Amino acid sequence: PDMAATVPDDIVKTLHARLAELGGNIARIETALRAPLDADFAEQATELEDQDALHGIEGSHIAEAQAIHAALARIAAGNYGECSNCGAEIPAARLRAVPTATRCVNCAD
């Protein structure tokens, strides 16, 4: 099905808004990770633990941003909302809940 013309505007807006939010978050994390470490060794240990956590968060943000870019590419290609496994149409309710979904509920299990 050619859903490109029928993708609800709210889903497209949600994808773009979340992408912008992720971009800001990733930029803030990058800034925090570039900050120099404290001269105190005990404080450095805490800061390094915090950096590990930030790297994990950054990784999940980057992965989500990549999934959003892929969803926007599917919209542009006209196959957004089509299950990548069985080819069935993914219901709009599922796409509103998970706008980056690539599989219908049956195939996602």
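The values are calculated or read from the model by the stated rules, or taken from the named source; none is laboratory data. It should be emphasised that the depicted structure is a prediction, and the values quoted were computed from it without experimental measurement. Using ideal geometry, Cβ is built from the backbone for each residue, glycine included, and neighbour counts are taken over all protein chains shown. The accessibility values were calculated without ligands, DNA or RNA, using every heavy atom of the protein model including side chains. Shrake-Rupley method; radii C 1.70, N 1.55, O 1.52, S 1.80 Å.
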Search result, residues across the range 9-27 that are modelled with pLDDT under 95 and more than 21 Å from Val98 (Cα to Cα): none
Among (1) under 18 Å from Leu15 (Cα atoms); (2) part of a helix (DSSP H, G or I), the one test that Ala53 misses: (1)
Selection from the range 88-109 of residues that are assigned to a loop (DSSP other than H, G, I, E, B) and touching a strand residue (DSSP E or B) at 6+ places or on another chain (Cβ under 8 Å): Ala88, Ile90, Cys104
From the options Leu22, Leu37, residue that is part of a helix (DSSP H, G or I), in contact with a helix residue (DSSP H, G or I) (Cβ under 7 Å, 6 or more places away or on another chain) and not acidic (Asp, Glu): Leu22
Answer from Glu49, Glu30, Glu58, Glu43 - the residue that is within 22 Å of the chain's Cα centre (by Cα), open to solvent by 60 Å² or more (accessible area, probe 1.4 Å) and among the acidic types (Asp, Glu): Glu30
Any hit, the range 66-87, residues being open to solvent by less than 60 Å² (accessible area, probe 1.4 Å), hydrophobic (A, V, I, L, M, F, W, C), modelled with pLDDT of 95 or more and part of a loop (DSSP other than H, G, I, E, B): yes
